[in-house]
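Engineer: Dropping a structure here in structure tokens format, bear with me for questions.
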Amino acid sequence: MSGDIEPQQARAFAPGSVGNIGVGFDLLGHSIDGVRDVAIVRRIDEPVVRIAAIRGDAEGAGTLPLQAERNTAGQALIALREKLRLVHGFELELEKGIPLGSGLGGSAASCVAALVAANALLDAPLAREALYEFALDGESVSSGSRHGDNVAPMLLGGVVMATATRMIPLSVPEWLHAVVVHPDQVLETRRARAVLADPYPLSLVVEQSSHLALFLTGLQRGDAQLLREGLRDLLVEPRRAPLIPGFFDAKAAALDHGALGASISGAGPSTFAWFASKAEATAAAPAMQAAFADAGYGSRSYVTPVAGPRADVIETQGVRR
């Protein structure tokens with residue numbers, strides 16, 4: 001009898017994220033430290049995916065569906081089973097730490113944590129890149145579209161360029177830090193996307209493209225001035241900002257404290273700002289929170305390296321073969 005341990009249950013986490021990073025709508029994102037979702041996945045003999053429980057103190061956790069096909073994590077595991085033609089199934093529990101409708105990637109984190117846990121239970125675990133398509137399948141349940149700016153940085157960590165088929169990690173200087181402030185507001189992704197429906201003039205798209213080019217070059221070179229010139233969103237932020245009371249003052253507070261740039265995290269209402277040092281970011285966080293307080297909203301802030309963590313397995317349990 002072999003002494004190998006065959007894993008039957010895995011517990012994994014996925015961090016929160018800043019989607020879009022202002023200038024990279026549905027294209028760029030980075031993971032953040034300080035907030036996460038956890039998934040517990042068990043390998044079962046039945047050829048199904050079922051969700052046994054969803055718990056946690058995060059706002060909206062109690063409203064999430066237990067039907068696997070209507071849940072981002074459940075759908076991701078269904079897609080994984082079907083593509084790999086697995087004869088076994090999965091039972092899933094979610095511990096929600098990221099509020100829904102926060103702009104911190106809450107729906108994405110659930111499916112990424114579930115995929116990373118389930119992958120650890122496979123006889124031949126897949127590479128992170130191979131999990132991407134299943135994460136997109138899961139994310140589409142919540143957002144109504146397949147975009148990877150949240151799931152990709154969660155899978156790889158740090159700043160990632162996410163296309164329809166690829167995740168491309170980008171260079172991030174160690175000194176780069178972010179403040180992410182989540183006000184006590186909820187902004188549903190579908191509502192935030194609805195305000196983007198009207199067409200944009202070509203001249204504005206061209207100018208935004210120049211900002212994106214400056215931003216990406218700044219990351220590659222570790223050049224703070226290029227990042228400052230590039231981190232200015234002309235397309236999405238102007239239309240979404242009026243949906244977020246206190247945003248304009250929070251952004252102004254960040255810039256007053258030396259931010260390289262600031263914008264809306266994901267679909268909002270969370271707001272992020274990038275800084276050239278952890279000290280600057282730490283000093284700016286209370287001022288950004290004060291701006292939301294003046295608008296009548298409490299908030300939580302996270303100071304994090306822009307090169308944030310990736311999703312990972314916390315522990316596995318198994319039986320001896």
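FYI, it's all coordinate maths here, none of it is from the lab. Note that the structure is predicted; figures quoted are calculated from it, not measured. With ideal geometry, Cβ positions are generated from the backbone for all residues, glycine too; neighbour counts draw on all protein chains shown.
Engineer: What does the charge count near Gly97 come to, summing +1 for each Lys or Arg and -1 for each Asp or Glu among other residues with Cβ under 13 Å from its Cβ?
Structural biologist: Values: positive: Arg36, Arg55, Lys96, Arg300; negative: Asp33, Asp37, Asp57, Glu59, Glu95.
So the surrounding residues net to -1.
Engineer: Next up: Listed highest first by mean packing, meaning other Cβ atoms within 10 Å per residue, what order do 196-204, 159-167 come in?
Structural biologist: Numbers: 196-204: 9.2, 159-167: 18.1.
Order by mean packing, descending: 159-167, 196-204.
Engineer: Next question, about the same structure. R0 = 45 Å: FRET efficiency of Ala53 with Ala252, Cβ-based, nearest 0.05?
Structural biologist: Working: r = 43 Å, r/R0 = 0.95.
Using R0 = 45 Å, I get an efficiency of 0.60.
Engineer: Would you be so kind as to identify all helices of the chain, as entire DSSP H runs, whose Cα atoms reach 15 Å or more along the helix's own axis and whose mean Kyte-Doolittle hydropathy is at least 1.6? Present the calculation step by step, with values, prior to reporting the outcome.
Structural biologist: Values: long enough: 72-84 (18 Å, 0.37); 106-119 (20 Å, 1.43); 128-143 (22 Å, -0.28); 202-221 (28 Å, 0.71); 278-294 (25 Å, 0.25).
Span-like helices in the chain: none at all.
Engineer: Once phi is turned into θ = phi - 60°, what whole-Hz ³J(HN,Hα) does the Karplus curve with 6.51, -1.76 and 1.60 give for every residue of region 151-163, x standing for Gly and Pro?
Structural biologist: So the Karplus estimates, Gly and Pro as x, are 5, 5, x, 5, 6, 10, x, x, 8, 9, 8, 10, 9 Hz.
Engineer: Using alpha carbon centroids, what distance separates region 257-321 and region 78-96, in Å?
Structural biologist: Centre-to-centre distance over Cα atoms comes out at 31 Å.
Engineer: Another one. Of all DSSP beta bridges in the chain, what percent run antiparallel (nearest 5)? Provide the component values of the computation, followed by the final result.
Structural biologist: Details: 48 of 54 bridges.
Percent antiparallel among DSSP bridges in the chain is about 90.
Engineer: Right, next: Label point 7 Å out from Leu66 along Cα-to-Cβ: which residues of region 80-116 have amide N under 17 Å?
Structural biologist: 90-96
Engineer: Lys and Arg at +1, Asp and Glu at -1: add these up for the other residues within a Cβ distance under 11 Å of Asn20 and post the number. Let's see the in-between values first.
Structural biologist: Numbers: positive: Arg240; negative: Asp26, Asp149, Asp233, Glu237.
Taking every Cβ under 11 Å from that of Asn20, the sum is -3.
Engineer: Here is a follow-up. Take every DSSP beta bridge with both residues inside region 1-129 and express the antiparallel ones as a percent of the total, to the nearest 5.
Structural biologist: Details: 18 of 24 bridges.
If we restrict to bridges inside region 1-129, about 75 percent are antiparallel.
Engineer: Using Cα-Cα distances under 8 Å and only pairs 6 or more residues apart, what relative contact order does the chain have, in percent? Before the final figure, lay out each step's value.
Structural biologist: Working: 854 pairs, mean separation 86.8, N = 321.
About 27 percent, as a whole number.
Engineer: Using helices alone, what [θ] at 222 nm do you get for the chain, with -39,500 (n - 2.57) per DSSP H run of 4 or more residues, divided over all residues and rounded to the nearest 500? Numbers along the way, then the final one.
Structural biologist: Working: 10 runs with 113 residues, N = 321.
Calculated from helices alone, the mean residue ellipticity at 222 nm is -10500 deg cm²/dmol.
Engineer: What net charge do the residues around Gly298 carry, taking every other residue with its C-beta under 14 Å from that of Gly298, with Lys and Arg at +1 and Asp and Glu at -1? Please report the intermediate quantities before stating the final value.
Structural biologist: Details: positive: Arg300; negative: Glu59, Asp184, Asp294.
Its environment carries a net charge of -2.
Engineer: Could I ask something else about it? For region 21-56 and region 179-254, write down the distance between their C-alpha centroids in whole Å.
Structural biologist: 25
Engineer: Still on this structure, I have one more. Would you mind telling me which residue in Val195, Val141, Val49 has the biggest mean-square fluctuation in a Gaussian network model of the chain, where springs connect alpha carbons within a distance under 10 angstrom?
Structural biologist: Val195
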